[in-house]
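Each remark here refers to the structure printed beneath this line.
The values are calculated or read from the model by the stated rules, or taken from the named source; none is laboratory data. Every value quoted in this text rests on a predicted model; they were computed, and no experiment measured them. We place every Cβ from the backbone using ideal geometry, glycine too, and count neighbours over all the protein chains shown.
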Amino acid sequence: MTVIRQLILPKNDALLQQESGALTVFDLEFTAWECSMASHWLRPGEFKEVVQIGAVRLDADSFQILDEFEILIRPRVNSVLSSYFENLTGITNAMLAQRGVDFTEGYDRFLNFAGMAPICAFGHDEWVLEENIRLYGLKQMKTLPEFHDLRAWFAEHQMDPRGVHSCDIGPSLGAPFIGRAHNALDDARSVASGMEILAARGARLAPARLAPAA
(Lines give C-alpha, C1' and ligand atoms only; values in the text may rest on other atoms or scores of the structure.)
Protein backbone atom coordinates (compact mmCIF):
# COMPACT_ATOMS: atom_id res chain seq x y z
CA MET A 1 0.00 0.00 0.00
CA THR A 2 1.30 3.42 -0.88
CA VAL A 3 1.68 5.73 2.09
CA ILE A 4 0.77 9.27 1.10
CA ARG A 5 2.60 11.96 3.02
CA GLN A 6 1.35 15.52 3.07
CA LEU A 7 3.00 17.83 0.58
CA ILE A 8 3.77 21.10 2.30
CA LEU A 9 5.97 23.83 0.87
CA PRO A 10 7.63 26.84 2.53
CA LYS A 11 5.48 29.37 4.41
CA ASN A 12 6.42 32.08 1.95
CA ASP A 13 7.01 31.69 -1.75
CA ALA A 14 10.57 33.05 -1.72
CA LEU A 15 12.02 29.58 -2.21
CA LEU A 16 9.87 28.97 -5.27
CA GLN A 17 11.05 32.29 -6.72
CA GLN A 18 14.71 31.30 -6.65
CA GLU A 19 16.33 30.31 -9.92
CA SER A 20 13.97 32.71 -11.78
CA GLY A 21 10.85 31.08 -10.36
CA ALA A 22 11.80 27.50 -11.21
CA LEU A 23 11.61 24.09 -9.60
CA THR A 24 13.04 20.74 -10.67
CA VAL A 25 11.07 17.51 -11.06
CA PHE A 26 13.24 14.41 -11.21
CA ASP A 27 12.92 10.65 -11.48
CA LEU A 28 15.32 7.77 -10.88
CA GLU A 29 15.90 4.31 -12.26
CA PHE A 30 17.81 2.01 -9.94
CA THR A 31 18.97 -1.59 -9.96
CA ALA A 32 16.18 -4.14 -9.79
CA TRP A 33 15.54 -7.82 -10.27
CA GLU A 34 12.49 -9.98 -10.77
CA CYS A 35 10.33 -9.59 -7.63
CA SER A 36 12.71 -7.08 -6.02
CA MET A 37 9.86 -4.62 -5.56
CA ALA A 38 7.69 -7.24 -3.87
CA SER A 39 10.58 -8.14 -1.56
CA HIS A 40 11.43 -4.43 -0.95
CA TRP A 41 15.03 -5.08 -2.08
CA LEU A 42 15.60 -7.10 1.11
CA ARG A 43 17.01 -10.21 -0.55
CA PRO A 44 20.76 -10.68 -0.05
CA GLY A 45 22.91 -8.52 -2.30
CA GLU A 46 20.08 -6.36 -3.63
CA PHE A 47 20.40 -2.59 -3.35
CA LYS A 48 18.70 0.37 -5.01
CA GLU A 49 21.78 1.61 -6.83
CA VAL A 50 21.00 4.59 -9.03
CA VAL A 51 21.45 3.88 -12.73
CA GLN A 52 19.72 6.88 -14.29
CA ILE A 53 18.69 10.36 -13.20
CA GLY A 54 16.26 12.28 -15.37
CA ALA A 55 15.06 15.77 -14.51
CA VAL A 56 13.15 18.73 -15.92
CA ARG A 57 13.31 22.31 -14.71
CA LEU A 58 9.84 23.87 -14.65
CA ASP A 59 8.43 27.35 -14.42
CA ALA A 60 7.08 27.54 -10.85
CA ASP A 61 3.69 28.90 -11.96
CA SER A 62 2.81 27.26 -15.29
CA PHE A 63 4.95 24.11 -14.81
CA GLN A 64 6.08 24.37 -18.42
CA ILE A 65 9.47 22.74 -19.08
CA LEU A 66 12.39 25.16 -19.22
CA ASP A 67 15.31 22.72 -19.43
CA GLU A 68 16.09 19.00 -19.21
CA PHE A 69 18.79 16.78 -17.70
CA GLU A 70 19.63 13.09 -18.04
CA ILE A 71 22.61 11.01 -16.98
CA LEU A 72 23.50 7.32 -16.71
CA ILE A 73 25.36 6.07 -13.63
CA ARG A 74 27.39 2.90 -13.23
CA PRO A 75 26.42 0.99 -10.06
CA ARG A 76 29.37 0.07 -7.86
CA VAL A 77 28.12 -3.05 -6.04
CA ASN A 78 26.00 -4.78 -8.69
CA SER A 79 27.95 -3.49 -11.65
CA VAL A 80 26.20 -5.78 -14.16
CA LEU A 81 22.58 -4.89 -14.78
CA SER A 82 20.03 -7.69 -14.57
CA SER A 83 18.17 -8.72 -17.71
CA TYR A 84 14.98 -7.78 -15.85
CA PHE A 85 16.22 -4.20 -15.46
CA GLU A 86 17.40 -4.01 -19.07
CA ASN A 87 14.01 -5.17 -20.34
CA LEU A 88 12.11 -2.84 -17.99
CA THR A 89 14.02 0.35 -18.72
CA GLY A 90 15.74 -0.19 -22.06
CA ILE A 91 19.03 0.74 -20.38
CA THR A 92 21.66 -1.86 -21.21
CA ASN A 93 25.07 -2.80 -19.88
CA ALA A 94 26.54 -1.65 -23.19
CA MET A 95 24.97 1.79 -22.72
CA LEU A 96 26.46 2.05 -19.22
CA ALA A 97 29.88 1.05 -20.49
CA GLN A 98 29.69 3.75 -23.15
CA ARG A 99 27.96 6.62 -21.33
CA GLY A 100 27.84 5.80 -17.63
CA VAL A 101 29.62 7.86 -15.00
CA ASP A 102 30.36 7.22 -11.33
CA PHE A 103 27.65 8.08 -8.80
CA THR A 104 29.62 11.00 -7.36
CA GLU A 105 29.86 12.69 -10.77
CA GLY A 106 26.23 12.00 -11.63
CA TYR A 107 25.03 13.30 -8.27
CA ASP A 108 27.08 16.49 -8.55
CA ARG A 109 25.93 17.14 -12.09
CA PHE A 110 22.30 16.70 -11.03
CA LEU A 111 22.74 19.18 -8.17
CA ASN A 112 24.39 21.64 -10.54
CA PHE A 113 21.36 21.33 -12.83
CA ALA A 114 18.88 21.81 -9.98
CA GLY A 115 20.74 24.74 -8.49
CA MET A 116 19.11 26.32 -5.43
CA ALA A 117 15.54 25.70 -6.58
CA PRO A 118 13.34 23.12 -4.82
CA ILE A 119 13.39 19.57 -6.18
CA CYS A 120 10.29 17.35 -6.43
CA ALA A 121 9.45 13.77 -7.34
CA PHE A 122 6.45 11.47 -7.44
CA GLY A 123 7.52 9.60 -4.31
CA HIS A 124 10.53 9.78 -2.05
CA ASP A 125 13.27 9.46 -4.67
CA GLU A 126 15.54 11.61 -2.52
CA TRP A 127 15.74 8.71 -0.07
CA VAL A 128 17.30 6.56 -2.82
CA LEU A 129 19.99 9.16 -3.46
CA GLU A 130 20.72 9.31 0.26
CA GLU A 131 20.80 5.49 0.44
CA ASN A 132 23.44 5.44 -2.30
CA ILE A 133 25.60 7.93 -0.42
CA ARG A 134 25.44 5.70 2.67
CA LEU A 135 25.94 2.49 0.68
CA TYR A 136 29.11 3.81 -0.92
CA GLY A 137 30.40 5.36 2.29
CA LEU A 138 30.74 8.76 0.66
CA LYS A 139 31.78 11.68 2.83
CA GLN A 140 31.29 15.42 2.44
CA MET A 141 28.72 15.10 -0.33
CA LYS A 142 26.61 18.16 -1.06
CA THR A 143 23.18 18.11 0.52
CA LEU A 144 20.10 18.02 -1.65
CA PRO A 145 17.99 21.15 -2.13
CA GLU A 146 14.66 21.25 -0.31
CA PHE A 147 12.65 18.23 -1.46
CA HIS A 148 8.89 17.77 -1.93
CA ASP A 149 6.94 14.56 -2.57
CA LEU A 150 4.25 15.39 -5.14
CA ARG A 151 1.88 12.50 -4.42
CA ALA A 152 -0.28 14.34 -1.90
CA TRP A 153 -0.47 17.40 -4.16
CA PHE A 154 -1.81 15.25 -7.00
CA ALA A 155 -4.26 13.62 -4.57
CA GLU A 156 -5.51 17.05 -3.53
CA HIS A 157 -6.29 17.75 -7.19
CA GLN A 158 -8.42 14.63 -7.75
CA MET A 159 -5.74 12.25 -9.01
CA ASP A 160 -5.42 9.14 -6.86
CA PRO A 161 -1.65 8.37 -6.69
CA ARG A 162 -2.01 4.90 -5.20
CA GLY A 163 -0.49 2.22 -7.44
CA VAL A 164 0.55 4.84 -9.99
CA HIS A 165 4.03 5.26 -11.45
CA SER A 166 5.57 8.49 -12.71
CA CYS A 167 5.03 7.37 -16.30
CA ASP A 168 1.28 7.14 -15.65
CA ILE A 169 0.79 10.74 -14.50
CA GLY A 170 0.50 12.51 -17.84
CA PRO A 171 -1.79 9.92 -19.46
CA SER A 172 -4.02 9.77 -16.38
CA LEU A 173 -4.67 13.50 -16.80
CA GLY A 174 -5.04 13.48 -20.57
CA ALA A 175 -1.49 14.08 -21.82
CA PRO A 176 -0.07 11.41 -24.13
CA PHE A 177 3.07 9.69 -22.88
CA ILE A 178 6.04 10.33 -25.13
CA GLY A 179 9.09 8.09 -24.97
CA ARG A 180 9.59 4.92 -22.96
CA ALA A 181 8.05 4.09 -19.61
CA HIS A 182 10.63 3.62 -16.85
CA ASN A 183 13.09 5.91 -18.55
CA ALA A 184 13.84 8.51 -15.89
CA LEU A 185 13.75 11.54 -18.20
CA ASP A 186 10.60 10.44 -20.01
CA ASP A 187 8.93 9.71 -16.67
CA ALA A 188 9.92 13.14 -15.31
CA ARG A 189 8.41 14.68 -18.43
CA SER A 190 5.20 12.73 -17.76
CA VAL A 191 4.97 14.13 -14.24
CA ALA A 192 5.60 17.62 -15.61
CA SER A 193 2.89 17.26 -18.25
CA GLY A 194 0.39 16.28 -15.56
CA MET A 195 1.42 19.26 -13.46
CA GLU A 196 1.04 21.59 -16.44
CA ILE A 197 -2.49 20.32 -17.07
CA LEU A 198 -3.43 20.92 -13.44
CA ALA A 199 -1.82 24.38 -13.52
CA ALA A 200 -4.01 25.26 -16.50
CA ARG A 201 -6.99 24.35 -14.31
CA GLY A 202 -5.78 26.70 -11.61
CA ALA A 203 -3.73 24.35 -9.40
CA ARG A 204 -0.67 25.79 -7.66
CA LEU A 205 1.92 24.53 -5.23
CA ALA A 206 0.60 26.30 -2.15
CA PRO A 207 3.26 27.76 0.14
CA ALA A 208 3.57 26.02 3.53
CA ARG A 209 6.20 24.38 5.68
CA LEU A 210 7.46 20.86 4.96
CA ALA A 211 5.70 18.41 7.26
CA PRO A 212 7.62 15.78 9.23
CA ALA A 213 7.57 12.32 7.68
CA ALA A 214 4.76 10.10 8.95
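Screening GLY174 on (1) among the small types (Gly, Ala, Ser); (2) under 27 Å from ASN87 (Cα atoms); (3) buried (at least 18 other Cβ atoms within 10 Å of the Cβ) shows it passes everything except condition (3). Take the residues in the stretch 133-166 that are of a type in the set (Ser, Thr, Tyr) and part of a loop (DSSP other than H, G, I, E, B); name whichever of them is farthest from ASP108 (Cα to Cα). So, considering only residues that are of a type in the set (Ser, Thr, Tyr) and part of a loop (DSSP other than H, G, I, E, B), the one farthest from ASP108 (Cα to Cα) is TYR136. Checking each residue in the stretch 116-157 for being closer than 17 Å to ALA55 by Cα and of a type in the set (A, V, I, L, M, F, W, C) picks out MET116, ALA117, ILE119, CYS120, ALA121, PHE122, TRP127, VAL128, LEU129, LEU144, PHE147, LEU150. Cβ-Cβ contacts under 6 Å between residues 6 or more apart (or on different chains), taken from a first residue in the stretch 144-169 that is under 17 Å from LEU205 (Cα atoms) to a second residue that is acidic (Asp, Glu) and crowded, with 17+ Cβ neighbours inside 10 Å, are listed as PHE147/GLU126. Screening ASP186 against (1) part of a helix (DSSP H, G or I); (2) out of contact with any Lys or Arg (no Cβ under 6 Å at 6 or more places or on another chain) leaves a single unmet condition, (2). Residue selection: GLN6 satisfies the criterion of being of a type in the set (S, T, N, Q), within 18 Å of ALA121 (Cβ to Cβ), surrounded by fewer than 20 Cβ atoms within 10 Å (Cβ to Cβ) and modelled with pLDDT under 95. Residues in the stretch 36-47 that are of a type in the set (A, V, I, L, M, F, W, C) and exposed (fewer than 10 other Cβ atoms within 10 Å of the Cβ): MET37, ALA38, LEU42.
Yes/no per residue for (1) aromatic (Phe, Trp, Tyr); (2) under 24 Å from GLN140 (Cα atoms); (3) under 15 Å from the mean Cα position of the chain (by Cα); (4) at pLDDT 95 or above:
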{"residue": "LEU66", "(1), (2), (3), (4)": "no, no, no, yes"}
{"residue": "LEU72", "(1), (2), (3), (4)": "no, yes, yes, yes"}
{"residue": "VAL77", "(1), (2), (3), (4)": "no, yes, no, yes"}
{"residue": "GLU86", "(1), (2), (3), (4)": "no, no, no, yes"}
{"residue": "ILE91", "(1), (2), (3), (4)": "no, no, no, yes"}
{"residue": "VAL101", "(1), (2), (3), (4)": "no, yes, no, yes"}
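In this entry, LYS48 is excluded by the filter for residues that are under 18 Å from THR24 (Cα atoms), part of a loop (DSSP other than H, G, I, E, B) and basic (Lys, Arg). Just one of (1) closer than 29 Å to ARG43 by Cβ; (2) not in a helix (DSSP H, G or I) fails for LEU58. It is (1). In the stretch 159-189, the qualifying residues are those that are among the small types (Gly, Ala, Ser) and in contact with a His (Cβ under 9 Å, 6 or more places away or on another chain), and the one that is nearest to LEU23 (Cα to Cα) is SER166.
Looking only at residues of the stretch 146-176 that are under 15 Å from HIS124 (Cα atoms) and charged (D, E, K, R), we find that the one that is nearest to the chain's Cα centre (by Cα) is ASP149.
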